[in-house]
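Colleague: I'd like to ask you about the structure that follows.
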């Protein structure tokens, strides 16, 4: 059952999510991408709250805001280091 | 293979997948149209039976407590994997040497207030998880996030005592094992594994739900420590190699 008063809110939050997802994909720089992804996560949190699912919303705040960017940044730092080392080995 | 050939191979697959996807979307029930009996039954049954006002947690820690145990051990296995791959004492010390304290006092003050607020909200989410929205996982992730803030507003030396693995590893075992102990206690008393052992208590209070409270705390401890370990390992992977490399070049 959908409460009629919630429909505009649902439309707005779905719109934000639909807008945010391509923005994350279209951001090329990984560092900026992880920031944009955090903002996108907040829009997902709003959507969960509007759809009456506060429990996933609560965990989504921290997962999208802290855990996910941290994991991405660590992965990037590692792979960049490997790349640079390979370039240096190829030089001489 | 040329670009044209690759596109030629891709197109039929993409068309097939696209049409299947469109078919699936078209056949979905309308938005907000929930048909399954499970949710309706739980909504009617959990509060009278278990006296927990958050039906989601009543379901997670009682009706399908075995599934939640599986989920907890998925997280546990993931943390063990991360630790085996990334744990490195030398790197931890390297990270300590290469991080400086954030210079802006205003940012640090706001950060410290946020750490306190975060920890308080996390404890509230964990303790009242089965009464109001929240629960062990949500509170645990937030708790670890608040401790990570300590690194952001302070430095690695401030943060390091809170990620001491000699303390964390046994506590993680306590959380993960505690869940099973509660389940085995039911088995010893003659009931099925993870049967709710205690009385249901008064609806809407911390004493409601019986075993749900214990299981909630066990998973809260397990998730909190798992997340602290996860953040610490990834943070040091991120900090140490970059800094060391910059210093060398």
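The values are calculated or read from the model by the stated rules, or taken from the named source; none is laboratory data. Computed from a predicted model, the values in this text were never measured in an experiment. Every residue, glycine as well, gets a Cβ built from its backbone with ideal geometry; the counts of neighbours run over all protein chains shown.
Colleague: Looking for something part of a helix (DSSP H, G or I) and away from every other protein chain (no Cβ under 14 Å) - is there at least one such residue anywhere in region B:27-37?
Modeller: Scanning region B:27-37 turns up at least one residue that is part of a helix (DSSP H, G or I) and away from every other protein chain (no Cβ under 14 Å).
Colleague: Related question: Conditions: (1) loosely packed, with under 14 Cβ neighbours inside 10 Å; (2) closer than 16 Å to residue B:232 by Cβ. Residue B:113 meets all but one. Number of the miss?
Modeller: For residue B:113, the failing item is (2).
Colleague: Continuing with the same structure: Mind telling me which of the residues B:40, B:137, B:143, B:61 ends up being over 20 Å from residue B:233 (Cα atoms) and surrounded by 17 or more Cβ atoms within 10 Å (Cβ to Cβ)?
Modeller: B:61
Colleague: Test residue B:12 against the stated conditions and say whether it is away from chain A (no Cβ under 14 Å), farther than 30 Å from residue B:214 by Cα, at pLDDT 85 or above and not in a loop (DSSP other than H, G, I, E, B).
Modeller: yes
Colleague: Consider region A:1-42. How many of its residues are away from chain B (no Cβ under 14 Å), closer than 18 Å to residue A:73 by Cα and in contact with a helix residue (DSSP H, G or I) (Cβ under 6 Å, 6 or more places away or on another chain)?
Modeller: 5
Colleague: Does any residue of region B:104-124 turn out to be at the interface with chain A (Cβ under 9 Å from one of its Cβ atoms), part of a loop (DSSP other than H, G, I, E, B) and out of contact with any strand residue (DSSP E or B) (no Cβ under 6 Å at 6 or more places or on another chain)?
Modeller: Within region B:104-124, not a single residue is at the interface with chain A (Cβ under 9 Å from one of its Cβ atoms), part of a loop (DSSP other than H, G, I, E, B) and out of contact with any strand residue (DSSP E or B) (no Cβ under 6 Å at 6 or more places or on another chain).
Colleague: Quick check on this structure: which one of B:210, B:190, B:178, B:199 is away from chain A (no Cβ under 14 Å) and in contact (Cβ under 8 Å) with a residue 60 or more places away in the chain?
Modeller: Going through B:210, B:190, B:178, B:199 in turn, just one is away from chain A (no Cβ under 14 Å) and in contact (Cβ under 8 Å) with a residue 60 or more places away in the chain: B:210.
Colleague: Can you list the helices (runs of 4 or more DSSP H) found entirely within region B:126-241 that contain at least 1 residues being touching a helix residue (DSSP H, G or I) at 6+ places or on another chain (Cβ under 9 Å), more than 23 Å from residue B:53 (Cβ to Cβ) and modelled with pLDDT of 90 or more?
Modeller: In region B:126-241, the matching helices (runs of 4 or more DSSP H) lie at B:136-153, B:165-188.
Colleague: If I ask for residues that are facing chain B (nearest Cβ under 7 Å) and farther than 30 Å from residue B:55 by Cβ, which ones from region A:53-79 would you list?
Modeller: Selection gives A:70, A:71, A:73, A:74, A:77, A:78.
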